[in-house]
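This report concerns only the one structure given below.
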Amino acid sequence: MEGGKVVDMAKRNHAQRATLTLVACSALVVAGCGTAKPQPEGSDTPGEAAGAPGTWELLNAGDMTAESTTLQLGVTRASCAGGVTGTVLEPVVQTAAGRITITANVEPMPPGGYTCQSNNIVPVTVQLPEPVGNRELFDAICLDSSNLTTAFCVDGGIRCQP
């Protein structure tokens, strides 16, 4: 009888281990399906503009008025690119009551190693859907908290205040 109890306990332990193994493997499979893969430069992420991050400066600040609907931006690639900004993608403009946010991304660079001197400034004309009014102009690159300590965002991302 005692030998039968040992066999029963061994069967129960084996069944418990098998159940735990099955649960653990199922959890790994489910977690693996939801794991985000790293996005290379220029990949599209839902809710984000396409391309690689660019930053911008206002080139025509002296000419801008509350009635202005055209802005002249100088766009620079934010990452190391051997001094080359490249092609600027169509800027994305979002308007709100007190702010106009502009995203000025650039085409991704081919894979490779690049030096990190300053990249050239590419002039771009942006047509606003409505006049600037009494709103600040904000560079969307500073919405990403990882950029807040960079030279791009020392001004808090505000490129022009009324």
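Miscellaneous remarks
- Residue in segment 76-83 that is assigned to a strand (DSSP E or B) and touching a helix residue (DSSP H, G or I) at 6+ places or on another chain (Cβ under 6 Å) present: no
- Any hit, segment 40-51, residues being farther than 20 Å from residue 157 by Cβ, of a type in the set (Ser, Thr, Tyr) and modelled with pLDDT of 50 or more: no
- With respect to the conditions (1) in a loop (DSSP other than H, G, I, E, B); (2) in contact (Cβ under 8 Å) with a residue 40 or more places away in the chain, residue 125 falls short on a single one, namely (1).
- Restricting 81, 96 to those that are aliphatic (A, V, I, L, M), more than 19 Å from residue 57 (Cβ to Cβ) and without any contact (Cβ under 8 Å) to a residue 40 or more places away in the chain reduces the list to 96.
- For segment 130-149, the candidate set comprises residues that are part of a loop (DSSP other than H, G, I, E, B) and in contact (Cβ under 8 Å) with a residue 60 or more places away in the chain; within that set, the residue that is surrounded by the most Cβ atoms within 10 Å (Cβ to Cβ) is 132.
The values are calculated or read from the model by the stated rules, or taken from the named source; none is laboratory data. Source: prediction; values computed, not measured. Cβ atoms come from the backbone with ideal geometry, glycine included; neighbour counts cover every protein chain shown.
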